[in-house]
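This report concerns only the one structure given below.
The values are calculated or read from the model by the stated rules, or taken from the named source; none is laboratory data. Since the structure is predicted, the reported quantities are computational estimates derived from the model, not experimental observations. Please note: Cβ atoms are built from the backbone with ideal geometry, for glycine as well, and neighbour counts cover all protein chains shown. The area values use the complete protein model at the heavy-atom level, side chains included, leaving out ligands, DNA and RNA. Shrake-Rupley method; radii C 1.70, N 1.55, O 1.52, S 1.80 Å.
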Amino acid sequence: MRYRALTVLGGAVALAACSANGQSKPASVSDTPASAGSVETPYASTYTPYPGAPTALVGATIYDGAGGQIDGGTVLFADGKIVEIGGADLAIPAGYTRIDGSGKFVTPGIIDIHSHLGDYPSPSVQAHSDGNEVTSPTTPEVWAEHSVWPQDPGFSRALANGGITALQILPGSANLMGGRTVTLKNVPSRTVQGMKFPGAPYGMKMACGENPKRVYGNRGRMPSTRMGNFAVNRQTWLDAKEYADGDRENRNLAKETLAGVLDGDILIHNHCYRADEMALVLDMSKEFGYKVSAFHHAVEAYKIGDLLKDAGTCSAIWADWYGFKMESYDGIPENAALLQNADACVVIHSDDENGIQRLNQEASKAQAAGKRMGIDISDATVISWLTLNAAKAMGIDDMTGSLSSGKMADVVLWNGDPLSVYSRPEKVWVDGAMLYDANDPKRRPVSDFELGQPGEGDVK
């Protein structure tokens with residue numbers, strides 16, 4: 001991707017976005033994740049933040065992502081980090097660019113925990129279909145990042161229309177074990193390594209239910225039933241434990257990933273719809289000594305909110321998708337509200353290149369469904385479904401997800417209430433660099449793939 005009116009040399013992406021005070025050197029942020037260069041993470045992040053300017057957002061309603069709200073507040077950020085948030089009386093240091101947020105709203109950058117951008121990019125054609133390695137029911141050896149196409153127009157649309165500053169890319173759900181996930185910063189880059197979120201742990205995608213048994217059962221091989229799903233999973237974990245308990249000298253890409261899960265370094269993200277299956281998966285995780293960080297889709301999570309709370313497992317869900325296959329039949333729009341009422345972790349996700357552009361509206365729908373049944377959830381709490389809760393389930397909450405001193409300055413200024421269908425991002429900062437401004441045509445991202453094509457950037 002690139003930005004209009006910017007220079008592209010030899011395919012390189014350059015941002016002519018030096019700060020108002022002449023700052024041209026990127027803010028100092030480590031671009032090397034933990035254990036980079038080791039066997040586990042040979043494809044280290046090369047992400048470097050774009051340059052930004054010390055900024056003060058003044059007079060807006062602030063949702064801090066952690067359930068807090070400040071009316072008429074102030075957000076200060078500099079050198080890529082949140083400096084401080086507070087009320088109208090918060091002192092603004094010299095040299096800060098002051099932006100009037102009166103009548104507007106500020107949130108942390110929106111985080112999508114479940115996306116296939118880059119692996120199933122636009123245009124959606126077979127040549128771009130790189131999310132499912134449908135050759136074996138277990139493929140933990142594949143890594144989603146090795147399919148990511150950084151020029152996917154979906155990245156820039158998610159930034160401009162949805163305020164998305166970070167997102168997790170997962171393999172598809174044809175396999176019981178689909179491979180490693182990757183967390184990205186939503187920035188223009190020539191390479192996926194240039195987008196990789198520094199320090200973010202890997203995840204591993206697993207899938208329950210209909211998809212694996214249909215895909216492989218139709219081929220006359222195991223699994224073809226739900227009991228077959230569990231049998232294959234359990235035997236794979238048994239083999240992985242034997243590898244993990246050994247010397248690990250003979251490299252095996254699949255077992256390296258599984259050993260990383262058993263070590264607690266790689267997080268499990270499990271596609272699962274039915275409550276009974278989620279409960280069984282929690283039992284399987286106890287049997288083999290790993291934790292399920294989040295169940296994805298989880299349309300029946302409302303039935304087992306207490307079990308999910310006790311396990312510390314989040315539910316990454318849609319607001320109201322249901323009924324498109326039998327295992328999604330018992331989905332209800334009150335799912336999120338009932339989970340919140342049970343004090344379980346709620347995350348609103350997209351799983352869709354269009355839905356990622358309006359996660360704020362999806363969260364608002366889920367909030368409204370709860371209110372209709374008598375569960376009143378504050379706006380500030382609902383914003384956490386899109387920010388801090390997602391960051392927690394992805395293992396990056398110590399770096400982003402809330403407007404807290406020292407965290408990454410991933411910030412969205414909304415032109416109105418972010419839980420209103422009429423509102424949209426006005427400005428978006430990633431690590432303190434303004435990468436989108438609705439009022440400045442030069443700061444409206446357009447994918448390289450779209451350049452010169454009819455309707456270039458017309459969605460923005």
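The table that follows gives values for the structure above.
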item	result
Segment 82-97 - residue that is surrounded by 12 or more Cβ atoms within 10 Å (Cβ to Cβ) and closer than 26 Å to residue 423 by Cα and, of those, farthest from the chain's Cα centre (by Cα)	97
Out of 228, 194, sole residue that is closer than 17 Å to residue 137 by Cα and open to solvent by less than 30 Å² (accessible area, probe 1.4 Å)	228
Search result, residues across segment 385-401 that are open to solvent by 10 Å² or more (accessible area, probe 1.4 Å) and touching a residue at least 12 places away in the same chain (Cβ under 8 Å)	388, 389, 392, 395, 399
Flag for residue 431 being without any contact (Cβ under 8 Å) to a residue 40 or more places away in the chain and either more than 30 Å from residue 308 (Cβ to Cβ) or open to solvent by 50 Å² or more (accessible area, probe 1.4 Å) (or both)	no
Residue, nearest to residue 389 (Cα to Cα), within segment 253-265, restricted to residues that are in contact (Cβ under 8 Å) with a residue 24 or more places away in the chain and open to solvent by less than 10 Å² (accessible area, probe 1.4 Å)	261
Total residues in segment 40-61, condition at pLDDT 95 or above and either surrounded by 20 or more Cβ atoms within 10 Å (Cβ to Cβ) or not in a loop (DSSP other than H, G, I, E, B) (or both)	15
Members of segment 257-266 found to be among the hydrophobic types (A, V, I, L, M, F, W, C) and part of a helix (DSSP H, G or I), listed by number	258, 259, 261, 262
Residue list for segment 234-252, restricted to those being touching a residue at least 60 places away in the same chain (Cβ under 8 Å) and more than 22 Å from residue 222 (Cβ to Cβ)	251
Counted residues, segment 66-116 - those being among the charged types (D, E, K, R) and in contact with a helix residue (DSSP H, G or I) (Cβ under 8 Å, 6 or more places away or on another chain)	1
The listed residue being out of contact with any Asp or Glu (no Cβ under 8 Å at 6 or more places or on another chain) and outside any strand (DSSP E or B), out of 119, 71, 89	89
Residue that is without any contact (Cβ under 8 Å) to a residue 60 or more places away in the chain and either of a type in the set (Val, Ile, Thr) or not in a loop (DSSP other than H, G, I, E, B) (or both), where the choices are 370, 374	370
Matching helices (runs of 4 or more DSSP H) fully within segment 152-244 where at least 1 residues are over 18 Å from the mean Cα position of the chain (by Cα), modelled with pLDDT of 95 or more and among the hydrophobic types (A, V, I, L, M, F, W, C)	210-217, 226-244
Filtered residue count, segment 160-176, keeping only those that are in contact (Cβ under 8 Å) with a residue 60 or more places away in the chain and either open to solvent by 10 Å² or more (accessible area, probe 1.4 Å) or not β-branched (Val, Ile, Thr) (or both)	10
Residue count for segment 145-183, restricted to those that are under 23 Å from residue 413 (Cβ atoms) and small (Gly, Ala, Ser)	7
Qualifying residue in segment 104-118 (condition: surrounded by fewer than 22 Cβ atoms within 10 Å (Cβ to Cβ), at pLDDT 95 or above and among the β-branched types (Val, Ile, Thr))	no
Some residue of segment 130-137 being at pLDDT below 95, open to solvent by 60 Å² or more (accessible area, probe 1.4 Å), under 30 Å from residue 48 (Cα atoms) and not in a strand (DSSP E or B)	yes
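Every residue, every condition in (1) over 20 Å from the mean Cα position of the chain (by Cα); (2) within 24 Å of residue 341 (Cβ to Cβ), yes or no:
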| residue | (1), (2) |
| --- | --- |
| 368 | yes, yes |
| 379 | yes, yes |
| 386 | no, yes |
| 389 | no, yes |
| 392 | no, yes |
| 400 | no, no |
| 420 | yes, yes |
